[in-house]
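What follows is calculated from the coordinates using simple rules that are stated; it is not laboratory data. Computed from a predicted model, the values in this text were never measured in an experiment. Using ideal geometry, Cβ is built from the backbone for each residue, glycine included, and neighbour counts are taken over all protein chains shown.
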Amino acid sequence: PAGVSAVEYMDVIDTIIPESTRVQFQTDGGAVEDVAFLEQRYRYDLIEPWRIMELSLGGIVRIKWTQARTGEERLLEGVVESTAEGLFLRTPDGSYTLGMPTGDGWYSRTILDDLPGALFARPLLDWIVDVRDGGPGVLETSYLAWGFSWEADYVITASEDFSTADLLGWVTLRNTTAGKFQDAHLAVVAGKVNIEAEMMNGRGQGAGYGFGMLGGAEGDGDGDYGYVEEGLFEYHLYKLEQPTTLDPYSWKQVAFLERNGIDITTKYRADVALQTGAYGGYTGTEDEIPAGVRRVLKIENQAEIDGLGLPLPAGTARVYARSGEDLFFIDSEQVPDTPREEPIEIDAGGAPFMVVKTKVSDVDVSDAGAFGSYTVVRHEITAVNRGSHAATVLYRMTMPGAGQPYGYAGYPAWDARLERAPNSAGPPLEEVENGIWEMERTLEPDQETQDVLVLRIHESY
């Protein structure tokens, strides 16, 4: 109606942040009506037994129960003096009691003549509005609420020879509120969204993923599913095409991606630890240090290669592999947000048939006075492929602490170089990060190789 009036907006979520409310009223003709929202109250005194008792302090209640031994119905009436750790009553004779005697009744009920205070079945927003002209239209209301989360999950099933894989992507949705969303449109935002801690009334959290829902969605009915990706500044907005229903206090998975038989490539990564001196050497046969070797699956994520070319939200990838009619779980790994047309690499278990070892064959330390000191460490890296097929191995050679926040980067006076020893042939070395180098080799079955590398460290005083 036109003029100043009160409006009760019912069925808001119980975890609403009231101060985040945004309201717009649009007339049937499409114009945005001039509506002034003068006041808003969040009414959350719900009809709950403990709250009813709290609001009944000073009021009269009656307790009825049946005595277990005699079957006699008993009645106790009194004024509620306290509800802390039980119902404490003052009875008409001036005495006090803690309500029904413990163990005396197998069934009891508390009776009130009236409901105390203003209680509601569900939380609501109570507005006072000033409308210029009034009339029918659509009221669009948006607000933030806690209790929702989402994450992406990927299931990758590799073929027996690890040349192709089936890819299934889920969006796992969690609703920990009392609200039910029937046939809701869902949109999820990948990217770190800033959330002010004070909006949680002391329950502050860090940045996370956005999750939005709109009720009353109408699907196209064709049963298709997937998502539409849109740009949202530096974020990615994924709108799930198929409406879904989220029940209170539930979670569910909604499929947003499915591709079968996509091409994958398999490499093996050997993590080689470089020594910076003669101390702390590995104790064993010829002082050899075994390097852990892992299988890495690579999905190109390009439309022309595997039919993907999609931005993929961060999540957990679980890898399965086939062996005849059997299916085996191989590994689980977190994958980052991946832009479209960019590849993703996923750890897919160990490679026990690939043996890589390294040892320090020589260490030379010299003092250069005011110019600091020089350390030269000679490493011998051997590898052998005991598998039945050729394998490409990526050697990742790392100095102690490199790649860590307070590791090698914390040695500002160090200048380190890794190079091949004179008269030693092999693939080129690439420094990918301060103190980390990589090289790549392809080994045929039973082929054994050796790389002799020299680590040179100049330490300034």
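Let's test the formula: R0 of 45 Å, r as the Cβ-Cβ distance of ASP93 and THR176. What FRET efficiency results, to the nearest 0.05?
Efficiency for this residue pair is about 0.40.
Calculated FRET efficiency, GLU444 and GLU345, Cβ-Cβ r, R0 30 Å, to nearest 0.05?
Rounded to the nearest 0.05, the efficiency is 0.80.
A crude spin-label estimate for the pair ASP183 and THR245, with each label 7 Å from Cα along the Cβ direction, gives 1.0 nm.
For a straight C-alpha distance cut-off of 23 angstrom, the lysines reachable from LYS252 (same-chain residues fewer than eight places away being disregarded) are LYS180, LYS192, LYS239. Near VAL432: Cβ cut-off under 9 Å, other residues only, Lys/Arg at +1 and Asp/Glu at -1. The net charge is -3.
How big is the Kirkwood radius of the range 316-461, worked out from every pair of different alpha carbons and given in Å to one decimal? Result for the range 316-461, one decimal place: 18.3 Å.
Expressed as a whole number of Å, what is the distance separating the alpha-carbon centroids of the range 162-190 and the range 335-382? Their Cα centres are 39 Å away from one another.
Take the Cα coordinates of the range 247-390, assign each an equal point scatterer, and use the Debye formula without solvent to give log10 I(q)/I(0) at q = 0.09, 0.11, 0.22 Å⁻¹. Results for the range 247-390 at q = 0.09, 0.11, 0.22 Å⁻¹ read -0.50, -0.67, -1.36. Just tell me which lysines come within less than 17 Å, Cα to Cα, of LYS298; anything on the same chain fewer than 8 places away is out. LYS298 reaches LYS267.
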